[in-house]
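The structure appears below as structure tokens.
The values are calculated or read from the model by the stated rules, or taken from the named source; none is laboratory data. No experiment lies behind these values; they were computed from the predicted model shown. So basically every Cβ, Gly included, is an ideal-geometry build from the backbone, and we count neighbours across all protein chains shown. Heavy atoms of the whole protein, side chains included, go into the accessibility calculation; ligands, DNA and RNA do not. Shrake-Rupley method; radii C 1.70, N 1.55, O 1.52, S 1.80 Å.
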Amino acid sequence: MRPDLRLRARRRPLWGTATAAHQIEGNNVNSDFWLAENVAPTLFREPSGDACDSYHRYPEDVALAAELGFNAYRFGIEWARIEPEPGAFSDAELDHYARVLEACHAHGLAPMVTLSHWTVPRWFAARGGFEAEDSAELFGRFAERVALRLGPLMAAATTFNECNIGRLVRVMFRLDSPRAVAARQAMFVACAQACGSDRWASVLFADIDKSEAHQIDAHQRAVEALKAGPGDYPVGLTIAMQAVEGVGPDHRAQSMTEVINGPWIDAAAPCDFVGVQTYTRMRVGPEGAERTAAGYEFYPQALGATIRFAAEAIGKPIYVTENGIATNDDSRRIAYIDAALAEVRTAIADGLDVRGYFHWSLLDNFEWTFGYAQRFGLIEVDRRTFARKAKPSAVHLGRIARQAGARSAR
Ligand code: FCB
């Protein structure tokens, strides 16, 4: 452990990339998503399989990130690996994540850890996920184990990734339509049957009326566990924030924002920071606007609006914990990065407390139901050999990060 480095990391701005365990590790076989990807019918275009094999190749990933010029790395630990059966915690898996953290420190990267990036253990989903009355207690127990073993090595931690995702996907992908509900239900039934259960619940496709209160309780328990444990690092919550812009006089932009954020703005109260995660704006789009490969409008300026919103609504220090673009044209990624960073600089110049920027993502990876087609990575990954190749955007952003790091060290 290098406490000196951790303390330095707390003071200097963090420039990093963001990843999630399930999207890069591969073979996350005890997770709910693994099963959902492999049942019939499924909403997933393809299974995650080996992903980027980062479970084994993290030393290379961490070294690459450092070499490019970053000073921080956001990654997720996988609950399904750490507690593959209820109450059966794996010391070997906790040791694995300790090694990932050590590797970050050895390369001068401040590690920001996500406790839960949508996936949960399969057994947890099969007992109703966060719909179950005692789900918060179970998540709290997991957080406690993590805090005790990994706390001394963490530079920052967040509880839930995009805690409001259940709300956002409903609005963005219209998951309330009867067809979408039926398709999801069919996949859930197949998952439940595969586990010999009569229920199944997922974070990404949550029925928030049944799960949200428990999830907030789980978040609060996790914050307490992290803060009570060893180590001294800021604890936050990351929120999906697309800039919602009204078109025309009768727009409902404000009420739409309230629907998307729900009670999570208040839930950030016990946190030391909030993680802003922004990809685009939401509006009745102008015809002909450029779209990214994810179908979003190309609109990096959205980040300025969400940073301002977070500063006003939550009033905590801010890290941009995700921001990026799915594209096969890397020059558009560079343009997106430059425009998004211009927003960050303006926000800082205006006095807002923005402490870091994490680009999504280090690697081209498993983009949930969309499979591997959407490429958000700064680094290309060969799907068969797993060879990594930095794109020009990686070199571009790495150079910016290095220069910013050098400035702040002066
Ligand atoms: C965010 C998720 C992340 C990734 C990006 C593209 O909403 O947190 O895992 O899928 O979108």
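Per-residue Karplus couplings for the range 68-78, computed as 6.51 cos²θ - 1.76 cosθ + 1.60 with θ equal to phi - 60°, are listed in order as 5, x, 6, 10, 8, 8, 9, 9, x, 9, 9 Hz, Gly and Pro entered as x.
Only beta bridges with both residues in the range 4-408 are counted; by DSSP, about 15 percent of them are antiparallel. Shown here for the range 193-287: trypsin sites (Lys or Arg not before Pro) in loop regions (DSSP other than H, G, I, E, B) with at most 13 other Cβ atoms within 10 Å, namely R252. By accessible area, using a 1.4 Å probe on protein heavy atoms only, the chain has 50% of its surface on carbon and sulfur. Under Stokes-Einstein, with the Kirkwood radius over Cα pairs as Rh, the value for the range 67-179 at 20 °C and 1.002 mPa s is 138 µm²/s. For the range 222-315, the share of alpha carbon pairs falling in successive 10 Å distance bins from zero is 15, 40, 28, 13, 4, 0 percent. Dipole orientation for the chain: of the candidates F44, C163, A240, A240 has the Cα lying most toward the positive pole (charges on Cβ; Lys, Arg +1; Asp, Glu -1). Against the empirical 2.2 N^0.38 Å (N residues), the range 338-410 has a Cα radius of gyration ratio of 1.36. Principal axis analysis of the Cα atoms in the range 125-197 yields extents of 47, 32, 19 Å, listed in decreasing size. Only DSSP H runs of four or more residues enter the estimate; each adds -39500 (n - 2.57), and after division by the residues of the chain the mean residue ellipticity at 222 nm equals -14000 deg cm²/dmol. Couplings for the range 115-124, taken from phi via the Karplus curve 6.51 cos²θ - 1.76 cosθ + 1.60 with θ = phi - 60°, read 6, 9, 10, 6, 6, 10, x, 4, 5, 6 Hz in order; Gly and Pro are left as x. Charging the Cβ of each Asp and Glu at -1 and of each Lys and Arg at +1, and nothing else, the dipole of the chain about its Cα centre rounds to 1140 debye. Here the scattering of the range 270-386 is modelled by Debye summation over its C-alpha atoms, one equal scatterer each and no solvent; at q = 0.19, 0.21, 0.22 Å⁻¹ the log10 of I(q)/I(0) is -1.02, -1.16, -1.22. Any idea what % of Cα-Cα pairs in the range 7-93 are farther than 23 Å? Counting pairs separated by more than 23 Å, the tail of P(r) holds 37 percent. Taken over the range 4-408, the ratio of Cα radius of gyration to 2.2 N^0.38 Å equals 0.91.
Near the amide H of V244, within less than 5 Å, lie the amide hydrogens of M282, all on another chain or at least 5 residues away, with H placed in the peptide plane.
The residues of the chain expose, per residue, 39 Å² of accessible area to a 1.4 Å probe.
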